[in-house]
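Have a look at the structure below before the remarks.
The values are calculated or read from the model by the stated rules, or taken from the named source; none is laboratory data. Since the model is a prediction, treat every value here as computed from it, not as a measurement. Positions of Cβ are generated from backbone atoms using ideal geometry, with glycine treated the same way; all protein chains shown enter the neighbour counts. Keep in mind that these areas ignore ligands, DNA and RNA; they rest on the heavy atoms of the full protein, side chains included. Shrake-Rupley method; radii C 1.70, N 1.55, O 1.52, S 1.80 Å.
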Amino acid sequence: MQKESEMIRSKIWKEEAETDNPFAAKACYCHGYDVYGDLLGKISWPEYIYLLFKGEAATKNQADYLERISIILANPGLRDHSVRAAMNSGVGGSTSASSLIAAIATGSGNLNGGREIYIAIRAWEECGQNIDNWKAYFKNLQKNNRVGVWKDIEHPPGFDLYGVSCATPVKQALESLKENQASNNISWLHKNRSALESIVNCPLSITGVIAAAFFDLEMSAEKSEILYMILRLPGAAAHSLEQKRYGWKHFPFFKNGITLIEKNDK
Amino acid sequence: MINNKSQLDKLFEYEKQWVTSLGKFFPEEKVVFHGKNLFKDLKDMHWLHLLLFGITGRFFEKNQIKLFESMWVICASYPDPRIWVNRVAALAGTARSTGIVGVGAATSVFEASIYGGGPIIGSIDFIIKLKEKLESGSDVETVIKEELKKSRGIAGYGRPIANEDERLKPILELAENLNMHTGEHVKLAFLVEEKLKIIQGPWALKMNIAALIGALAADQNLTANEFYHFMSLSSSVGIVSCFVDANNKPEGAFFPLRCERIKYEGVNKRKWDTERGKN
């Protein structure tokens, strides 16, 4: 290797090369653990994900907690915006990659997407387990008057703008996570759900549950945002493939759905 | 208690119809676009004019289209695969992904905070608000200092990799030829650079292309959001070209990395403890 070669720095990943080929790895280490020589066969998927993002081995409770989060998120259901985007890719016969890209893009935003999780985690960092802090937070949740690539969030993060009462799966997810001893903020949320819902006048949503759960795992806002997007992809993928088989003729086109009105001249 | 039924009623309403003035496709007949017939009224339009029309619903003069087109031609589509967005396309090309998927992914990367989408919207937003603040009596140095304090920088000033921005001169020359270089926002963009020299001394941030094209666009009455959307595909030529170049060469040939190129800075080797963490 030339001495002046630029390097990629990493605290996560190390590789040792085969003796006959500097481009082939003989051993790969994730945060010090030999992935193929030691971890494989001993470590579960949630444990490996936790190790990748946190740099340390999860406790049994943390691994179980992340597994529950993963199952809650694995399929948002086919009415979800991100899954609909993936299915749109499928029905037209687009590539598998485009299905996932469509799901990630659509599931990245302020409404039930990765950015809502990011905003909600920042809210947890600011408010903690103090109902008065949350009251003040929601009261001040207004336009920050700065144009950026993100629009200001248009509903209380973690709550369902269009909800009438807390949906059963949201309550079931909350109950399930509460069973785990890692559930500090989730327990607080469980206890204070009604009070928070009264403040914002809409019910807790699954994003509110997941944000609290990631906060329990001491995941940063950025890590929570990206993990949320990853963990929701299996459902998008499965539904995209399913609709690809059905084809576009069996998928809504909203044939009579558009009402064209006069353009207001600016 | 939640009393949110009015929101649910909105969903019932939304469910029925998508009400819009943007346009509609009438199969086997016509396409209406902002009230115009695409095949009759708009068929001779320059593509970038159609893009601006789609975003704003407004028509533009020939000179304006020339100015906006130059922003795409000169500013955001270098044929160099080391540039981050282009590198995504080149990696997709060398790894034998498909053209549109590679281009789509690279385009999304253009929405960066140190270049591309972030500075593009940030700089025009700053210069429009600066003008408004000055008109209501604020002092330019005060506004700059406040922005530096709040954002630790000013969008459109400073640049990664290089100090000087080689795009300023050709864009400015073109704007001069079109007589579009003397607008209030452009003047302010240069004034900000002068003030930064006074405030920051020898390490002052210099103007980059985002500040100039943002100011030029603002002088043509584009809002910050309109300009951001207009520039969203501006890196596409560099991206597509870099995909094609890598895709035409042997697979895996684009800057392969040997294992040694990873500079590991993490914890030492350790063994997995299957008995770890009982709770």
Original post:
For peptide B:2-10, how many partner chain Cβ atoms fall within 10 Å of a residue's Cβ, on average?
Top reply: 5
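In what sequence, largest accessible area first, do A:TRP248, A:TRP13, A:TRP150, A:TRP188 appear using a 1.4 Å probe? Each step should come with its number before you reach the end.
Working: A:TRP248 170, A:TRP13 65, A:TRP150 105, A:TRP188 35 Å².
Most to least solvent-accessible, the answer reads A:TRP248, A:TRP150, A:TRP13, A:TRP188.
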Subject >> Order by protection proxy (mean Cβ within 10 Å, highest first), peptides A:91-100, B:64-73 >> reply: B:64-73, A:91-100
Original post:
Considering every residue in B:263-276, what mean count of other chain Cβ atoms within 10 Å of its Cβ is obtained?
Top reply: 6
Original post:
Once amide H atoms are built 1.01 Å from N in the peptide plane, which residues 5 or more positions from B:GLU111, or in another chain, come under 5 Å H to H?
Top reply: B:GLY117
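Only helices at least 20 Å long along their axis, Cα-based, and averaging -1.0 or more on Kyte-Doolittle count here, so list those DSSP H runs from chain B. Write down the numbers at each step before the final one.
Numbers: long enough: B:117-135 (27 Å, 0.37); B:184-200 (23 Å, 0.26).
Answer set is B:117-135, B:184-200.
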Subject >> Protein-protein interface of the stretch A:242-263, residues with accessible area decrease of at least 10 Å², isolated chain reference, 1.4 Å probe >> reply: A:PHE253, A:ASN256, A:GLY257, A:ILE258, A:THR259, A:LEU260, A:ILE261, A:LYS263
Original post:
Dipole of chain B (Lys/Arg Cβ +1, Asp/Glu Cβ -1, origin at the Cα centre): which of B:ILE128, B:VAL143, B:PHE12 lies farthest to the positive side?
Top reply: B:PHE12
**OP:** Compute the length gained on full extension between B:SER113 and B:SER136: take 0.36 nm times their separation in residues and subtract their Cα-Cα distance, giving the result in nm to one decimal.
**Re:** 5.3 nm
Subject >> Amide H contacts of B:PHE254 (H built 1.01 Å from N, under 5 Å, at least 5 apart or other chain) >> reply: none
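Averaged across B:99-106, how many Cβ atoms of other chains sit within 10 Å of each residue's Cβ atom? Numbers along the way, then the final one.
Numbers: counts 0, 4, 7, 1, 0, 5, 4, 0.
Other-chain Cβ atoms within 10 Å of each residue's Cβ, averaged: 3.
Kindly sort B:ARG87, B:ARG58 by accessible area of their heavy atoms, largest first, with the probe set to 1.4 Å. Working shown, then result.
On the way: B:ARG87 90, B:ARG58 60 Å².
Putting B:ARG87, B:ARG58 in descending order of accessible area: B:ARG87, B:ARG58.
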Subject >> For peptides B:247-255, B:222-230, A:38-46, sequence by mean Cβ density within 10 Å, most packed first >> reply: B:222-230, A:38-46, B:247-255
**OP:** Find the sum over both chains of the accessible area lost when A and B are paired, probe 1.4 Å, and report it in Å² to the nearest 100.
**Re:** 5500 Å²
Original post:
Restricting to the protein assembly as shown, what percent of DSSP beta bridges are antiparallel, rounded to 5?
Top reply: 70 percent
Original post:
Which residue, B:PRO27, B:PRO119, B:PRO81, tops the fluctuation ranking in a GNM of chain B built on C-alpha contacts under 10 Å?
Top reply: B:PRO27
Original post:
Comparing A:ASP152, A:ASP160, A:ASP216, which has the greatest mean-square fluctuation in the GNM of chain A with Cα pairs linked when under 10 Å apart?
Top reply: A:ASP152
**OP:** Compare A:ASN133, A:ASN75, A:ASN110 in a GNM of chain A, Cα atoms joined below 10 Å, and give the one with the largest fluctuation.
**Re:** A:ASN133
**OP:** Can you grab the distance from the C-alpha centre of the stretch B:75-105 to the C-alpha centre of the stretch A:1-46, Å, no decimals?
**Re:** 26 Å
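For the stretch A:202-266, what % of the accessible area comes from carbon and sulfur atoms, probe 1.4 Å? Show your work: numbers first, answer last.
Details: 2170 of 3720 Å².
About 58 percent, which is the carbon plus sulfur part of the accessible surface.
So with the 1.4 Å probe, I'd like the accessible area per residue for the protein assembly as shown, rounded to whole Å².
Working: 30170 Å² over 545 residues.
Computed with neighbouring chains in place, this is 55 Å² per residue.
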Original post:
Can you give the calculated 222 nm mean residue ellipticity of the protein assembly as shown, where each DSSP H run of n ≥ 4 adds -39,500 (n - 2.57) and the sum is split over every residue, rounded to the nearest 500 deg cm²/dmol?
Top reply: -16000 deg cm²/dmol
Original post:
So what is the relative contact order for chain B, in percent, with contacts set as C-alpha pairs under 8 Å and at least six apart?
Top reply: 27 percent
